Each structure stands twice: as C-alpha cells, then as structure tokens.
Amino acid sequence: MKKTELPRWATGFALPILNLLSALLVAGLVIHLLGESPSESLRILVDSAILDPEGLGYTLFYASTFIFAGLAVSIAMQAGLFNIGAEGQMYVGGLGLTLAVLAFDAHLPGWLMIPVAMGGAALFGALWSFLPGYLQAKRGSHVVVTTIMFNFIAASLMNYVILKMIPEGQQNPASRVFADSAALPLLNKLFPVFGDTPLNISFLLAIAALVLYGVMVWRSSWGYKLRATGLNAHAAHYAGVKIDRMIIVTMLVSGALAGLGAVNSVMGSTHYLSLNFPAGAGFVGIAIALMGRQHPVGIFFSSVLFGALIQGGFDLSLVKPNIPQETFIFIQGLIILFCGAMENFYAPALLKLINLNRTSKEA
C-alpha cells in the first residue's frame with residue numbers, strides 16, 4: 001500500500017466515525033447553548049430510541065424507509081451519479097402503489113395485493129427517474145439539476161392528483177383508507193417485545209434489499225461495470241461498457257428503490273396516501289449514502305442512526321422543551337456537512353498518524 005493512500009478500514013470506518021463524532025460534538029455545543037445538558041440529552045435520546053423496546057420498534061420503522069432511500073442514492077453514486085431526486089421518486093412511488101391499491105384492494109387477497117402494490121411503487125419510481133437518466137446519458141443534462149426540478153414537479157403533481165383525481169378520504173387532502181388486504185403485516189406478532197408499533201415486514205424487505213444490493217454491486221459482472229463507470233467513465237467506455245445504457249439503467253434501479261421507500265409509511269402505517277408523506281426521507285437518503293460510504297453495512301447503521309434521531313428527538317423535545325424538534329433537522333444537516341462536503345477533513349492527519357505508526361514498527 002502506498003504511503004499516500006489510506007487503508008480501506010480508515011476510509012470505510014475511521015473517517016465516517018470521526019465525521020459523525022464531529023457532527024455530534026457541534027450538536028452538543030448547540031444543545032448547551034440552548035441551556036440543556038448535552039450528556040443528559042444524549043442519555044434520554046438513547047433510552048428512548050434504542051434501549052426502550054417500543055422505542056426501538058419505532059426507530060427500526062423509520063429506518064426501513066431510510067434504508068430504501070439510502071440504497072437509491074447509493075446505487076446512483078456507484079455509477080458517479082448524484083441522484084437528489086429520491087424524494088420526488090418516493091412521492092411518485094407512493095402514487096403508484098396507491099393507484100394499484102385503490103384499483104384492486106376490494107378484489108385481491110393480501111398475499112397478492114401487497115406485491116402488486118409494491119410493483120406499482122417500484123414502477124412509478126423508476127419511470128420518474130427515467131427522464132433525468134435519459135437526459136444525462138443522451139443530452140448531457142446534469143442529473144443533479146434535473147432531479148431537483150423533478151422533485152418540485154412531483155410535489156405539484158401530487159397536489160393535483162390527490163385533490164382532483166383519486167377518491168377522497170376523511171382527512172383531506174388524502175386518499176380513502178385502504179382495505180385490510182393492503183395492510184403490511186406487523187412484526188409485533190412475531191416479536192411482541194416491540195409492542196404497539198408500526199414496525200412491519202418492510203423492515204425485512206429492506207434487509208433483503210441491502211443483501212441484494214451488496215451481491216449485485218460487488219459480486220456480479222454488472223456491478224463491476226457499474227463501479228467502473230463511476231470510477232472512470234472514459235476507461236469503462238474503452239473497456240466495452242455502454243455508458244449511456246449504464247446511466248439509464250442505474251437511474252431506473254435508483255428510482256425503483258426510492259419508490260419502494262413509500263411502501264413502509266403508506267401501506268405499513270397510515271394506510272392512505274397523504275400530501276408530504278415522505279417528510280424529507282428522500283433527502284435523508286443522501287446523508288445515509290454519504291455516511292455509510294455506499295456500503296450495505298454502513299447504510300444499515302446510518303439508517304438506524306437517523307431513525308433513532310427521529311424517534312429520540314420526539315421524546316427529547318417533550319422532556320426538554322428548550323430543545324425544539326427542528327434541532328434534529330439541524331443535526332441531520334451537520335452530518336451531511338461533515339460526511340459529505342468535509343468527508344476528507346481528517347484524512348491528512350489520519351494518514352500521517354498511520355504512516356508514523358508504520359515507520360515506528362519498521363524501525
């Protein structure tokens with residue numbers, strides 16, 4: 001290994017941990033300025049989100065959506081694409097599954113209704129990401145710009161569709177409540193320790209998606225071409241990779257994963273489609289992909305961390321009124337800052353420390 005390169009354990013583990021600790025340190029300073037104890041606030045957050053079984057159920061419930069969002073952003077990053085449109089793709093994916101449910105929930109049994117609805121979510125999410133991928137591949141329109149624009153279009157589209165085109169629910173604007181056949185089975189039947197939480201089988205599906213992602217990216221010829229495209233598109237082209245096709249297919253897969261992120265909240269919790277149901281989960285996926293370094297294990301633990309911030313933040317804001325819920329949006333921003341824009345901030349010092357340790361051993 002060259003002395004100018006960090007080992008894999010440093011880039012994959014040490015740097016993300018240092019960046020996370022830096023973000024939490026700044027967050028602790030902010031909490032102190034708000035007049036509260038950072039250590040006590042951390043204890044309350046951990047007790048609420050991790051140590052309490054019911055709180056852990058909610059943490060894993062939120063993490064289920066975040067895993068799909070993180071996978072959507074991560075697989076695009078593997079090809080050198082920055083898909084900021086996961087929020088809009090999740091939005092449209094929710095529309096796809098809702099249309100499928102409203103059409104068939106009175107006729108299909110649950111074992112068939114659920115996969116049909118999930119197929120609708122994946123299909124609509126993929127279709128929504130197709131045009132940005134096509135424009136990037138064929139016209140050079142940067143995917144960052146087009147996916148941002150498509151987020152706004154998706155939000156406007158959902159406003160119109162929910163208000164004008166689908167059956168109205170009791171809570172307006174929202175669709176009607178789904179039939180029982182479209183409800184995801186809850187995991188508290190298998191694990192009563194989680195209590196009365198909305199944790200459902202989408203968590204198991206998210207774990208399966210992580211495994212499939214790892215196999216496809218690192219154990220298949222397609223994944224090799226995907227990573228080659230992300231590392232050096234010109235070299236991959238001369239090696240025989242069809243870059244245009246790879247970009248379009250990757251964006252389709254990314255959009256499908258983002259669309260599947262809608263399944264957890266729409267079919268597993270509310271059981272109807274409402275405005276703003278993603279609640280920023282698509283944007284959280286960006287932080288998860290950056291912090292997890294696009295690795296399945298990193299994506300999982302990053303998703304659990306953000307799920308814990310959501311769940312613990314609710315209880316902490318109740319116990320500590322001086323700490324508003326918006327503080328945790330600020331913490332999410334700090335994690336994006338340190339794990340994204342400043343991801344290599346500690347790299348020179350860490351490399352120097354590793355080389356110093358290596359030199360002392362050689363001596």
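All of the numbers you see were taken from the coordinates with simple rules; none came from a lab. All figures in this text were calculated on a predicted structure; none of them were measured in a lab. In this analysis, Cβ positions are derived from the backbone assuming ideal geometry, glycine residues included, and neighbour counts consider all displayed protein chains.
Worth pointing out:
- Cβ-based exposure ranking for E54, E326, E36, in which fewest neighbours within 10 Å come first: E326, E54, E36
- Euclidean distance of C-alpha centroids, region 27-91 and region 203-268, integer Å: 22
- Student exercise, the chain dipole from Lys, Arg, Asp, Glu Cβ charges, in Debye to nearest 20: 1540
- Shape of the chain, Cα gyration tensor, a/c cut at 1.5: oblate
- Residue exposure sequence - T250, T327, T359, T270 - by fewest surrounding Cβ within 10 Å: T359, T270, T327, T250
- Of the residues M267, M342, the one with the fewest other Cβ atoms within 10 Å heads the list, and the complete ranking is M342, M267.
- D_trans [Stokes-Einstein, Kirkwood Rh over alpha-carbon pairs] for region 100-185, 4 °C, 1.567 mPa s, µm² s⁻¹: 87
- Candidates P132, P53, P198, ranked by Gaussian network fluctuation over the chain, Cα under 10 Å, top entry: P53
- Comparing A23, A69, A106 in a Gaussian network model of the chain where C-alpha atoms under 10 Å apart are linked, the largest mean-square fluctuation is found at A106.
- Cα gyration tensor, region 246-363 - rounded (a/c under 1.5), prolate or oblate: oblate
- Remark: spin-label model distance S360-E168 equals 7.3 nm, labels positioned 7 Å along the Cα→Cβ axis.
- Residue (of P185, S254, S202) at the positive-pole extreme of the chain, dipole from beta-carbon charges: S254
- Cα shape, region 155-239, gyration tensor, a/c 1.5 rule: oblate
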